[in-house]
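The values are calculated or read from the model by the stated rules, or taken from the named source; none is laboratory data. Everything numeric here is computed off the predicted structure, so don't read it as measured data. With ideal geometry, Cβ positions are generated from the backbone for all residues, glycine too; neighbour counts draw on all protein chains shown.
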Amino acid sequence: MSAATPLLQVSNLGKSFGGVKAVDGITFDLAAGELLALIGPNGAGKSTTFNMVNGQLKADQGSIRLAGTELVGQRPRDIWRLGVGRTFQIAETFSSLTVVENVQMALISHDRKLFSMWKPAAGHKRDEALALLEQVGMKAQADRPCSVLAYGDVKRVELAIAMANSPKLLLMDEPTAGMAPKERNSLMALTKQLVVDRGLAVLFTEHSMDVVFAYADRMIVLARGRLIAQGKPLEIRDHPKVQEVYFGTGKTFEKAAA
């Protein structure tokens, strides 16, 4: 893959459920070191697109290539091993385990190691897990149970878990859902720093327009399964079709973000 070739290349991607085209021939790409926001009204096809990229749904048509490797038809676990991490709208952690144990579990899974009750996994990859927690600002809480954490901290732990496979591409589904404004900005600033430090490519969906315009390098907009616009945030803000379809007439991005 040459330096000019995007890390993720999505071409003519489509998925139908019955007679309804949830995603209808969309094409976009994403470079390493870039945050790309995927936005659109409810029912636009955002979740379906996400689930096809990480293999939870199989595309009916089109191609999804990561560093030249075709992802369509591969299982989610295989796609994860190729370097695709993911966080979810509702943070997924094991509340009965400590913070560091959650990250260790992800590292153990990536190493394909199994441990029995006679061979505890408590010491396996602990240093690596602590290093990941340090990157997300959670090392000091490493030995606390996840069940006692504030929600913003749980989201940080989930981000550390998503980094356990050293991803090239990180998918973030509504990363700031349920968070206060200060927590939202803190999490996205952290994500932006990881993009810079690691050369990550990040594709994220988000309903908070203040987050999107503050942190996205580019945006793509879906409506009824079709891609209606893509470009820099300021280009999208002033795009008449986006204003019409995404918000309806008479409403602007500035008002929505207020």
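A few points about this structure:
- Only one of 93, 27, 5 that is in contact with a Ser or Thr (Cβ under 6 Å, 6 or more places away or on another chain) and either modelled with pLDDT of 95 or more or in a loop (DSSP other than H, G, I, E, B) (or both): 27
- Set 160, 140: member being at pLDDT 90 or above and either outside any helix (DSSP H, G or I) or surrounded by fewer than 17 Cβ atoms within 10 Å (Cβ to Cβ) (or both): 140
- For region 164-187, a residue qualifies if it is in contact with a helix residue (DSSP H, G or I) (Cβ under 6 Å, 6 or more places away or on another chain), among the hydrophobic types (A, V, I, L, M, F, W, C) and over 24 Å from residue 54 (Cα atoms), and exactly one does: 179.
- Residues of region 30-76 classified as polar (S, T, N, Q) and part of a helix (DSSP H, G or I), total: 4
- When restricted to residues that are surrounded by fewer than 20 Cβ atoms within 10 Å (Cβ to Cβ) and in contact with a helix residue (DSSP H, G or I) (Cβ under 8 Å, 6 or more places away or on another chain), region 55-84 contains 5.
- For region 142-153, residues that are among the aliphatic types (A, V, I, L, M) and either touching a strand residue (DSSP E or B) at 6+ places or on another chain (Cβ under 9 Å) or touching a residue at least 24 places away in the same chain (Cβ under 8 Å) (or both) total 2.
Quick grid of which residues meet (1) under 30 Å from residue 240 (Cβ atoms); (2) in contact (Cβ under 8 Å) with a residue 40 or more places away in the chain; (3) out of contact with any Leu (no Cβ under 9 Å at 6 or more places or on another chain):
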| residue | (1), (2), (3) |
| --- | --- |
| 140 | no, no, no |
| 162 | no, yes, no |
| 177 | yes, yes, yes |
| 182 | no, no, yes |
| 188 | yes, no, no |
| 191 | no, yes, no |
| 201 | yes, yes, no |
| 204 | yes, yes, no |
